[in-house]
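First the structure, in the form of structure tokens, and then the observations on it.
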Amino acid sequence: MQSMEFPLVLFTVLSQAAVGLALMGAVRVSSGPQGRSPRREWIMVAGLIGLGLLASLFHLGHPTGAPRALVHLSTAWLSREVLLAGTFAVLAVLAVLVSKTEVNPVLAWAGSLVGLGLILSAGMTYAPPAFPAVNNALPATFFLLSAVTLGAGFGSWFASESRQPLMGGIFGAGLLVALVLYLVVPCVWLSGGAVMRMTGQTWLGSGFYWVHVAVLAACLLVFRLTKGIPVWLPVLLLLGELAGRAGFFADTIHTAANLGGLY
Amino acid sequence: MKKQYAFLVDSELCIGCFTCAMACRNYYHPPEGVIWRQVYPLDEEIYPHRERAFYSLACNHCENPTCLNVCPVEAYTKREEDGVVVHHQEKCIGCGNCIRSCPYGAPKYNPVEKRAEKCSFCHERLDAGLKPACIQSCPTGALSMVDLAELEPGNQVQYPAGFPKMEDVNPSTRFILPKLPRLVRR
């Protein structure tokens, strides 16, 4: 088991919740009347990304050097991730300042596009060759699913009555896709190379993994039974995503763990 | 091909004495638990004999180093004159991205400095005309230094069993495989 990287768990999950919330806000802006209190929604977006960025500083050995992480944009996905996270935070604060009763659609979509870029760059950062199981599109897919489900869940807090079915539909579909993906992927890894197989075995034996899967299943069940998103459900999903992300960092096996063994 | 210094690990000669790893520690004095060079025994599936065979591994000074590519603060450089990948610790902010990303686990986290660090091929010794500390200390001559630009084709291999095959990064380390002892029956 490797380090749980708690600051990174907080940064990635909270930033993805913020991106998802902005994306769902943009979808609602483009599809009909504005929801309840758009300004409060953007305050939440700004708060989530702000908390995420603050948490990420605790991951660094020398947090005061964080601004220098922007210097290697040519090849380092981490530099691009930092740039896009900063840009997203600035756009979120701008949206808080300009939105009184309505959200500027241009600002909403600009924030969403930058946010999607942030998810892609985070997906690339955490898909290095050292982790064969996730040296592919899986991290970006996991992160996008977190953003969509958390965004639709928290978005239901701010959506008008007429837009609740839209949020519910996205929430339910996102949960179903996430649940299937998280159940299938470790089983696929079991048929891979040595390190990929070790990752599959570690995930399937991990409490983080099963808590995450159980929370996804429970959220989906509650959604089906209540035909909606109860106000507490996104908070439960957020806790499940935090557990799942801790497992992502702690239970994915590094190639160096098997040096001297068959690959 | 440009000059590229590389470690040549002769597993036929290596006896797993850890002198190379100890010489590295004695020379650089990293904190406890921070190991730049390590000696790995080969699994029995690879070397099926009651005697063991070993790989002595540190940074592979790759042609296309992952650490250099992923570092957000440009703390890594690859020397033009000999291809050695150097970590400039004063630039490092301790994000751990190189540690996570190197498929060979070469960069390590120094909990005292709160920064990454790794084998530098003893480049300051190279500049003084000396061999790296690990090579100088090896009692059997199992660890040596070669220039890949001048290395004649022979029985060296780049990706032996027990060493991850990462063609994109193109590690410079070369290996001579251990032979199984011959059993003589009377």
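The values are calculated or read from the model by the stated rules, or taken from the named source; none is laboratory data. All figures in this text were calculated on a predicted structure; none of them were measured in a lab. Virtual Cβ from ideal backbone geometry, glycine too; neighbours counted across all protein chains shown. Just so you know, the surface numbers come from the protein's heavy atoms only, side chains and all, with ligands and any DNA or RNA stripped out. Shrake-Rupley method; radii C 1.70, N 1.55, O 1.52, S 1.80 Å.
Contact residues in the range A:69-96 by the 20 Å² criterion (accessible area, 1.4 Å probe, full protein complex versus chain alone): A:69, A:71, A:72, A:75, A:76, A:78.
Just checking the listed ones, B:46, B:35, B:176: in the Gaussian network model of chain B with Cα springs under 10 Å, the one fluctuating most is B:46. When the helices of the protein assembly as shown are scored as -39500 (n - 2.57) per DSSP H run of n ≥ 4 and the total is divided over every residue, the value at 222 nm lands at -15500 deg cm²/dmol.
Note on residue B:152 and residue B:124: the extension gain reaches 7.4 nm, defined as 0.36 nm multiplied by sequence separation minus the Cα-Cα distance. Within a straight-line Cα-Cα reach of under 16 Å, residue B:114 can be paired with the following lysines, leaving aside sequence neighbours fewer than 8 residues apart in one chain: B:91.
Absence of a disulfide-compatible partner, taken as no other cysteine beta carbon within less than 4.7 angstrom, is noted in chain B for B:14, B:17, B:24, B:62, B:71, B:92, B:95, B:102, B:122, B:138.
Build a GNM of chain A with springs between Cα atoms under 10 Å apart, and of A:234, A:63, A:165 the one that fluctuates most is A:63.
Give, as a single signed number, the net charge of other residues whose beta carbon lies under 15 Å from the beta carbon of residue A:171, with Lys and Arg counted +1 and Asp and Glu -1.
On the way: positive: A:28, A:163, A:224, A:227; negative: A:241.
Counting the neighbours of residue A:171, the net charge comes to +3.
Per-residue shielding of B:69-81, expressed as the average number of other chain Cβ atoms within 10 Å of the residue Cβ, stands at 5. So which of B:78/B:131; B:108/B:131; B:78/B:108; B:3/B:108 end up more than 21 Å apart by C-alpha? Cα-Cα > 21 Å for B:108/B:131; B:3/B:108; rest within.
Magnitude of the charge dipole for chain A, about its Cα centre and with charges confined to Cβ atoms of Lys, Arg (+1) and Asp, Glu (-1), is about 380 debye.
Counting only other chains, what is the mean number of Cβ atoms within 10 angstrom of the Cβ of each residue in peptide A:251-263? Let's see the in-between values first.
On the way: counts 0, 1, 0, 7, 8, 10, 1, 4, 11, 16, 9, 6, 6.
Mean shielding count: 6.
Using the alpha-carbon atoms, what tilt in degrees (0 to 90, nearest 10) does helix B:19-28 show relative to the longest principal axis of chain B? Its long axis makes an angle of about 20 degrees.
Rounded to the nearest 20 debye, the dipole magnitude of the range A:1-148 is 300 debye, with +1 charges on Lys and Arg beta carbons, -1 on Asp and Glu beta carbons, and the Cα centre as origin.
Solvent-accessible area assigned to carbon and sulfur over chain A amounts to 75 percent, based on a 1.4 Å probe.
A protection proxy built from the mean count of other Cβ atoms within 10 Å ranks the segments A:118-128, B:10-20, most packed first, as A:118-128, B:10-20.
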